[in-house]
Every structure is written in C-alpha cells, then in structure tokens.
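Each remark here refers to the structure printed beneath this line.
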Amino acid sequence: MKIQHDVLGMFATNCFLVSGGRPGTCILIDPADEGKRLIARIKKEGLAPEAVLLTHGHYDHFLAVPLLQETWPDLPVYCHPLDCPEEKEEHDMGIVFPTVSAFSHVRPLSDGQRLCLAGFDIAVMHTPGHTPGSVTFFIEDAMFTGDFLFCGSIGRTDFAGGNFSQMKDSLKRLVKVEGEYRVFPGHEKMTTLQREKKENPYLKYL
C-alpha cells in the first residue's frame, strides 16, 4: 500500500491518496481542496480514483469533490448518512459552501461495514463525537481518523453536531482496538495507535 499525503486548503487539511492495490486505481480520503492539484497528481501517477471516502461531513474535508466529479463523473463519494443534511449548501464566514448532499453518487457508510475498493479491504468504524457521522477507516495497517483522533489530542466537540459524551464512547471503543496501526488524522502530523494509547491524555484515563 502506498499512501501519498497533501495538506490542502485554508484549514491545512490532510488529504490521502491510497494506491498499490488494484493496478491503475486509487482511493482519495478527504479531498479537502485544490482539486486541480489533486487531479494533476492522480494523472501523473497514471491512476484513476475508484472512490472518495469522507471521514465526516465538514466542508474543509471535501471541497475538491466538484472538480473530481467533473473529471470522473461516475466517481462515488462515501459518507455516513448522519453527515448528509437535507440542505445542499451552508453559510460560514460569509461564504457559501456545499454540503455532501450537493454531490452526485453519494453512498452511505455504516458501522462495521466492509468495502472492497481499488483492491483494498476497508473496514468502517462509526466514531461520532466531532460530528454525528464521523467514521474511521481501517486499511491494512493504517487508520484514517479524520477529526476524531489527532496526535496527542482529539477533535473538537463544540461545533454544531458535536457531542462530548459520544466522543468518549467512541474513544472507549478505540482503545479496545487491537494491533499496531499507523494513524493518519485530518490535520497535523501522523502518529500511531500504540503511541496514542500510551501518551494521549484523552485515551490514557478512560
């Protein structure tokens, strides 16, 4: 498995391009912004995206989707239904942003779901707290946690839809996950699950 990492957009969001499964295909996790840059990278690698996976429905994690779907019109976008509102746009900082519901080919995610995409077996864990529909993806020895788990910290729960009680429950599930995983969060640097269990104060004292 090859994981390529870009930091995109005004919120410095991590986007991950995962390839090395089925030849010529890839997965995009949280294509945050700068669609032209992402498309150029994908084409330079000789790849075609088989799916977009969203860890949650905040716009700073998917603003490249419209350009991606212009280039690959049948490209599916996977997101938990609880992060797919009825409205197709939201207003923030005086700017109009799309919601996940504005995209085509949106497919639902659920806890315990298994996906087979681009030659990878992908496990989905519903990890609400930052948003109602936050999920974590497990691919081989990698976890893609979005804004649920960070290096030394966790996601905020004071935004609309955030819930600290749900976050605690999700973290309790996380500490029961066995095995050594690399952790690829939605912002800032990478870490490991083993390190977070030992050093992250939000996990140590559950």
Q: Mind checking segment 112-206 for chymotrypsin sites (Phe, Trp or Tyr not before Pro) that DSSP puts in a loop (not H, G, I, E or B) and that have at most 16 other Cβ atoms within 10 Å?
A: F159, Y205
Q.
Give me the one-decimal Kirkwood hydrodynamic radius in Å for segment 111-176, with the sum taken over alpha-carbon pairs.
A. 12.2
(Q) Once neighbouring chains are kept in place and the probe is 1.4 Å, which whole percent of the accessible area of the chain is contributed by carbon and sulfur? (A) 51
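In a shell of Cβ-Cβ distance under 12 Å around V96, excluding V96 itself, what net charge do Lys and Arg (+1) and Asp and Glu (-1) give?
-3
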Q. Restricting the count to DSSP beta bridges whose residues both fall in the chain, what percent are antiparallel, rounded to a multiple of 5?
A. 70
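Can you pull the percent of Cα pairs in segment 96-206 with separation above 19 Å?
Roughly 46 percent, once rounded to a whole number.
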Q. When ligands, DNA and RNA are left out and all protein chains stay put, how many square angstrom of accessible area per residue does the chain have with a 1.4 Å probe?
A. 46
Q: Under 29 Å between C-alpha atoms is the cut-off here; go through the chain and count lysine pairs that meet it, provided they're at least eight residues apart or on different chains.
A: 28
(Q) For the chain, what are Rg and Dmax over the alpha carbons, in angstrom? (A) 16.0, 47
Q: Return the FRET efficiency for the residue pair K172, A123: r is the Cβ-Cβ distance, R0 is 22 Å, and the value is rounded to the nearest 0.05.
A: 0.75
Q: Give me the net charge of V7's neighbourhood, meaning all other residues with Cβ under 15 Å from the Cβ of V7; Lys, Arg count +1, Asp, Glu -1.
A: -4
Q | Per-residue ³J(HN,Hα) for segment 62-68, Karplus 6.51 cos²θ - 1.76 cosθ + 1.60, θ = phi - 60°, Hz, x for Gly and Pro | A | 8, 5, 7, 4, x, 5, 4
(Q) Given the -39500 (n - 2.57) contribution per DSSP H run of 4+ residues, what per-residue ellipticity at 222 nm results for the chain, rounded to the nearest 500 deg cm²/dmol? (A) -5000 deg cm²/dmol
**Q.** Debye intensity ratio in log₁₀ form over the Cα atoms of segment 143-203, taken at each q of 0.27, 0.30 Å⁻¹
**A.** -1.27, -1.47
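The values are calculated or read from the model by the stated rules, or taken from the named source; none is laboratory data. Computed from a prediction, not measured in an experiment: that's the story for all the values here. Ideal geometry is used to build each Cβ from the backbone, glycine not excepted, and the neighbour counts take in all protein chains shown. Heads up: the accessible areas ignore ligands, DNA and RNA and are worked out on the full protein's heavy atoms, side chains in. Shrake-Rupley method; radii C 1.70, N 1.55, O 1.52, S 1.80 Å.
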